[in-house]
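**Student:** Mind having a look at this structure? Questions to follow.
The values are calculated or read from the model by the stated rules, or taken from the named source; none is laboratory data. Note that the structure is a prediction, hence the values are computed from the model and not measured. Don't worry about glycine lacking a Cβ; one is built from the backbone with ideal geometry, like all the others, and counts go over all protein chains shown.
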Amino acid sequence: MKAKEKAFLEYLSYLSQKSDKAKQYKKDKRLTLLEKKVLDGWILIRKSDYAGLNELLKSMTTKGTRVVEAQKNLLKGVYHNNFGELKKAQEYLLDSAVILEEYDLGEFLFIANYNLYISYVNSHQIEKMKNLISKIVEFDSVDKMSIYYKYQCEFELNIALENYNICEQIRKKVYLRFKKLPASFKSSFLISDFIYNCSLESFLECRVILSKMNEMRSFKNTSNYLFMKTIIDFILDEKPIYAYEYKFKNSKFLYFQLKFLEALVYDDDLAKSKFWNKLVEIDERVFSKNFTYNGSKDLFSYIYEKYSKDNKSKKLNADTSLIFKTNLEALEFLFEKYNKSFSKEEIFEFVWKRKIQTQGDLTKIKNLISQYRKKHVLVYNKGFYSSSKKAS
């Protein structure tokens with residue numbers, strides 16, 4: 001440990017231990033201005049003040065020692081991850097993790113790995129999630145809250161793997177103590193729970209979760225909350241999708257997603273191309289140039305698939321008047337004739353000639369798919385079913 005880094009490392013330790021000594025850094029003359037700004041950054045993150053963090057990061061124009069640069073990159077990674085700018089987030093987080101491990105800054109390495117994991121969740125990089133989760137779960141933290149962040153990571157992996165029974169078990173563990181948990185974790189887990197219910201297309205439950213978020217001062221005025229509320233209001237109440245740029249000044253990524261969906265729903269091809277290209281510029285892995293979305297199943301994918309001009313349900317209209325002896329026969333016809341992938345909604349509308357309305361309708365779909373799998377190979381990927389050859 002270099003002498004000039006000693007004081008800074010001491011205060012990082014105080015912060016990770018939540019010691020009262022951490023409050024003294026403002027007056028400590030051993031610290032550089034940049035080091036004090038990094039410590040300021042962690043205070044802002046604890047307060048969920050990401051607008052303040054953005055301004056602070058802009059002011060960090062000087063370069064520090066390797067450990068200071070690692071901390072600066074970690075702050076940037078956390079910031080970009082919070083707003084869904086996944087490519088940037090991963091670059092900063094991976095750079096910081098190497099140095100944090102070298103300096104044995106375990107608590108901050110845990111933060112880096114946790115944020116990296118969440119970025120993999122949102123970019124649907126399941127193999128990377130599997131590879132990283134052991135590091136997170138096995139980390140022995142002095143922070144009692146780390147167990148809940150570990151639960152959250154396991155929760156996210158099982159959402160991606162569609163192990164919904166395990167998801168429910170984890171949810172129960174977390175909600176048993178939810179009222180006593182800190183606001184920073186609550187807001188994070190509520191987002192995960194929101195994603196879980198999106199994957200189940202339980203949008204009424206999503207609205208309940210939004211109401212819980214609205215009770216949290218640190219979250220209700222954020223661009224994340226506004227994005228989620230706008231889409232849920234559109235799905236449940238058919239309220240228009242719109243976005244004012246000034247409300248998303250710290251998150252262009254979410255703004256561009258909303259503007260793209262607005263153009264898609266209201267059939268504005270020029271705006272659709274414009275905002276898709278902006279999303280490609282931010283993360284070409286998730287948004288491909290050919291209008292292909294490679295991210296996780298979420299609100300964006302739901303609206304995109306439902307309102308895309310290539311929506312396969314529009315092509316099925318000519319066959320909806322056909323009469324089949326059984327629902328299984330109808331499903332076999334659907335896959336054999338079109339040789340494409342279909343969502344639950346599209347299958348239900350073709351077979352039952354109406355939209356899904358109740359939990360009972362979801363049970364019907366589940367049972368029909370189980371029937372089909374006894375005779376055929378059925379592949380599920382990102383919310384869509386496709387059939388290939390017959391099962392042996």
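**Student:** Exactly one condition in (1) modelled with pLDDT under 90; (2) within 20 Å of residue 145 (Cβ to Cβ); (3) among the hydrophobic types (A, V, I, L, M, F, W, C) is not met by residue 83; state its number.
**Tutor:** Only one criterion is unmet by residue 83, namely (2).
**Student:** If you don't mind, there's one more thing I want to ask. Does the range 65-76 contain at least one residue that is surrounded by fewer than 18 Cβ atoms within 10 Å (Cβ to Cβ) and part of a helix (DSSP H, G or I)? Before you say what the answer is, go through the steps one by one.
**Tutor:** So in the range 65-76, the residues surrounded by fewer than 18 Cβ atoms within 10 Å (Cβ to Cβ) come out as 65-66, 69.
Filter again for part of a helix (DSSP H, G or I), leaving 66, 69.
Checked against the condition, which is being surrounded by fewer than 18 Cβ atoms within 10 Å (Cβ to Cβ) and part of a helix (DSSP H, G or I), the range 65-76 yields at least one hit.
**Student:** Of all the helices (runs of 4 or more DSSP H) wholly in the range 175-221, which have at least 2 residues that are within 16 Å of residue 303 (Cα to Cα)?
**Tutor:** By residue number, 183-199, 203-214.
**Student:** Considering only residues of the range 157-206 that are small (Gly, Ala, Ser) and farther than 27 Å from residue 127 by Cβ, which is modelled with the highest pLDDT?
**Tutor:** Step by step, filter the range 157-206, then rank; the result is 202.
**Student:** Kindly list, by first and then second residue, each pair from a residue in the range 262-283 that is in the same structural domain as residue 295 (by TED's automatic domain parsing) to a residue that is part of a helix (DSSP H, G or I) and charged (D, E, K, R), limited to pairs with Cβ atoms under 7 Å and residues at least 6 apart or on different chains.
**Tutor:** From the range 262-283, the pairs are 263/272; 264/272; 271/259; 275/259; 282/87; 283/87.
**Student:** Still on this structure, I have one more. Name the single residue that is modelled with the highest pLDDT among those in the range 92-140 being over 25 Å from residue 297 (Cβ atoms) and of a type in the set (Asp, Glu). Before the answer, list the steps.
**Tutor:** Applying the first criterion (over 25 Å from residue 297 (Cβ atoms)) to the range 92-140 yields 92, 94-112, 135, 138-140.
Narrowing the set further to residues that are of a type in the set (Asp, Glu) leaves 95, 101-102, 104, 107, 138, 140.
On the way: 95: 95, 101: 89, 102: 89, 104: 84, 107: 86, 138: 85, 140: 80.
This residue is 95.
**Student:** Would you mention how many residues in the range 134-155 are in contact (Cβ under 8 Å) with a residue 40 or more places away in the chain and surrounded by 17 or more Cβ atoms within 10 Å (Cβ to Cβ)?
**Tutor:** Summing the residues that are in contact (Cβ under 8 Å) with a residue 40 or more places away in the chain and surrounded by 17 or more Cβ atoms within 10 Å (Cβ to Cβ) in the range 134-155 gives 3.
**Student:** Across the range 330-361, what is the total count of residues that are part of a helix (DSSP H, G or I), loosely packed, with under 14 Cβ neighbours inside 10 Å and touching a helix residue (DSSP H, G or I) at 6+ places or on another chain (Cβ under 8 Å)? Steps first, please.
**Tutor:** Restricting attention to the range 330-361, the residues satisfying the condition of being part of a helix (DSSP H, G or I) are 330-338, 344-352, 359-361.
With loosely packed, with under 14 Cβ neighbours inside 10 Å added as a condition, the list becomes 336-337, 359-360.
Within this subset, residues satisfying the condition of being touching a helix residue (DSSP H, G or I) at 6+ places or on another chain (Cβ under 8 Å) are 337.
Count: 1.
**Student:** Only one residue in 131, 158 is part of a helix (DSSP H, G or I) and without any contact (Cβ under 8 Å) to a residue 12 or more places away in the chain, so which one is that?
**Tutor:** 131
**Student:** While we're on this one: Specify which of the listed residues (103, 14) is aromatic (Phe, Trp, Tyr) and closer than 20 Å to residue 146 by Cα.
**Tutor:** Only one candidate passes the filter, namely 14.
**Student:** Mind listing just one residue for me: the one in the range 89-128 that is within 21 Å of the chain's Cα centre (by Cα) and in a loop (DSSP other than H, G, I, E, B) and, of those, surrounded by the fewest Cβ atoms within 10 Å (Cβ to Cβ)?
**Tutor:** Looking at residues that are within 21 Å of the chain's Cα centre (by Cα) and in a loop (DSSP other than H, G, I, E, B), I get 124.
**Student:** May I pose another question? Starting from the range 215-241, take each residue that is surrounded by 20 or more Cβ atoms within 10 Å (Cβ to Cβ) and list its partners that are outside any helix (DSSP H, G or I) and among the polar types (S, T, N, Q), counting only C-beta distances under 6 angstrom and pairs at least six apart or across chains.
**Tutor:** 223/251
**Student:** I want to confirm something. Restricting to the range 63-73 and keeping residues that are free of Cβ contacts under 8 Å to residues at least 40 places away in the same chain and not charged (D, E, K, R), which single residue is nearest to residue 6 (Cα to Cα)? Show your work before the answer.
**Tutor:** Filtering the range 63-73 down to residues free of Cβ contacts under 8 Å to residues at least 40 places away in the same chain leaves 63-64, 66, 69-70, 72-73.
Restricting the remaining residues to those that are not charged (D, E, K, R) gives 64, 70, 73.
Numbers: 64: 14, 70: 15, 73: 19 Å.
This residue is 64.
**Student:** So, one more: Considering every residue within the range 14-21, establish whether at least one is surrounded by fewer than 18 Cβ atoms within 10 Å (Cβ to Cβ), closer than 30 Å to residue 220 by Cβ and at pLDDT 85 or above.
**Tutor:** Checking the range 14-21: not a single residue is surrounded by fewer than 18 Cβ atoms within 10 Å (Cβ to Cβ), closer than 30 Å to residue 220 by Cβ and at pLDDT 85 or above.
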